[in-house]
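The values are calculated or read from the model by the stated rules, or taken from the named source; none is laboratory data. Only a predicted model underlies this, so the values are computations on that prediction, with no experimental measurement involved. No Cβ is skipped: glycine too gets one built from the backbone with ideal geometry, and neighbour counts run over all protein chains shown.
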Amino acid sequence: MTIDNKKPLKAKQIENENGYRHSPASIGYNSVLFDERLLVWFSCGAASAVAAKRVIEQYGNTHDIEVVYCDTLEYEHPDNIRFLSDVAGWIGRDIKIIKSRKYNDILCMAII
């Protein structure tokens, strides 16, 4: 697997200060580790906000961390955009909003 024609990404384990080895699935809620890159999937919910904050606090000095939100704002509560902005300030990072080029809204993906 590659992203933007960069080198292939390989999942690996990391070790915390207590010697515990984390697998990619156990690093944090909704997070995936590839080499020195860590992605945290933000859902505009409290749990994913706290997960992003904790991952940044624990791994921010040693890993490239990117917080990502899948754009569903048109179908979400109107306050979610404010919450997303507040969380970005709280975690001290921008939250990257991604959207499908193929589907213009989530209704296109519905099974009828």
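Side notes on the structure shown:
- Selection status of residue 105, charged (D, E, K, R), over 25 Å from residue 38 (Cα atoms) and either loosely packed, with under 14 Cβ neighbours inside 10 Å or at pLDDT 90 or above (or both): yes
- Of all the residues in the range 61-94, those that are surrounded by 13 or more Cβ atoms within 10 Å (Cβ to Cβ), assigned to a loop (DSSP other than H, G, I, E, B) and under 13 Å from the mean Cα position of the chain (by Cα) number 2.
- Residue in the range 38-52 that is modelled with the lowest pLDDT, counting only those that are under 11 Å from the mean Cα position of the chain (by Cα) and not hydrophobic (A, V, I, L, M, F, W, C): 43
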